[in-house]
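The values are calculated or read from the model by the stated rules, or taken from the named source; none is laboratory data. On a predicted model such as this, the values are computed, not experimentally measured, just so you know. Here the Cβ positions follow ideal geometry from the backbone for every residue, glycine too, while neighbour counts run over all protein chains shown. Each accessible area value is taken on the protein alone, full model and side chains, heavy atoms only, with ligands, DNA and RNA left out. Shrake-Rupley method; radii C 1.70, N 1.55, O 1.52, S 1.80 Å.
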Amino acid sequence: NTRNIILNNEISYAGGCGVVLIGSKYFHPVPHHPIFNQVVYNHIHHCGVFDKYVAGIFLGLSDGNLISHNLIEYMPHHAINLGNSGYGRNFVEYNEIHYTCLETIDNGAINSWMEDPYVHVQRDAERSGHIIRYNLITDTRGCRVDEKYNLVSTPEFTAHGIYLDNFTSNCFVYGNILVRNGAEGIRINGGKNNIVENNLIVDSGHVIVYGSPQNYAPQT
């Protein structure tokens, strides 16, 4: 999966994710992960019909991919998920994202993890980090179940515009516009060396929140 272009598609009502770029191996003479692909100018909406823990665009183990100029809206979970590996650097720019995190909590319109539960990368190791810039993100809602077991929208404390979670490090978050993001416009949770500057955050619960520091001691 190298230098493919996913261009000008409408992807809607998928059972799970809209687009998936995910590899299987970290280190190999020939890369076993998607690299230098482009997902551009697509309209992705109303995915996650059966599986709610999904993203419009999901990048697992991958490197050097461009996610740009997409319209992503009405998603139960993330619009863009940058995976859990801490390996590789992807570029997320000029995307327009509306009405995400509609059926799940503790998430973000653009979301990244880097704790790597399979211990390919030590927790204190340096990570490549992602470039997240010039995206428009509105109405990151979040939800809860009420006392009558109904799913209701609850923007407070549940969903973030950009969520750098679980050791996500070395990211450059620049020039994004974030409007009506229920919990925080941007949340950094346990990472290091992230640069967040020149973002416009409007009508969100909080502007930028740094979560509790996490232990960077090597895993045993």
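Does the range 31-81 classify as rounded, prolate or oblate by the C-alpha gyration tensor (a ≥ b ≥ c root eigenvalues; a/c under 1.5 gives rounded; else a/b over b/c gives prolate, otherwise oblate)? Oblate, since a/c reaches 1.5 and b/c is not below a/b. 3J(HN,Hα) along the range 55-70, derived from phi through the Karplus expression 6.51 cos²θ - 1.76 cosθ + 1.60 where θ = phi - 60°, amounts to 9, x, 10, 10, 10, x, 7, 7, 8, x, 8, 10, 10, 8, 6, 9 Hz, with x in place of Gly and Pro. Put simply, the amide H of Ile201, placed in the peptide plane, has neighbours under 5 Å in Leu178, leaving out anything fewer than 5 places away on its chain.
Write down the accessible area per residue of the chain in Å², having rolled a 1.4 Å probe over the full set of protein chains. List each step's numbers first, then the result.
Details: 10160 Å² over 220 residues.
In whole numbers, the chain has 46 Å² accessible per residue.
Modelled spin labels at Glu93 and Tyr134, positioned 7 Å past Cα toward Cβ, are 0.5 nm from each other.
The H on the amide N of Gly60, modeled in the peptide plane, is under 5 Å from the matching H of Leu21, Ile22, Gly23, each at least 5 residues off or on a different chain.
How many percent of all Cα-Cα pairs in the chain sit more than 20 Å apart? The answer is 55 percent, as a whole percent. Computed with a 1.4 Å probe on the full set of protein chains, the accessible area for Tyr134 sits at about 90 Å².
Summarising the label geometry, the points placed 7 Å from Cα in the beta-carbon direction at Asn9 and Asn198 lie 3.3 nm from one another.
What FRET efficiency comes out for the pair Gln38/Glu103, r = Cβ-Cβ distance, R0 = 22 Å, nearest 0.05? Mind showing how you got there, number by number?
Numbers: r = 29 Å, r/R0 = 1.32.
Approximately 0.15, to the nearest 0.05.
Annotation for Tyr174 and Val49: the two label points, set 7 Å from Cα along the Cα-Cβ direction, are 4.1 nm apart.
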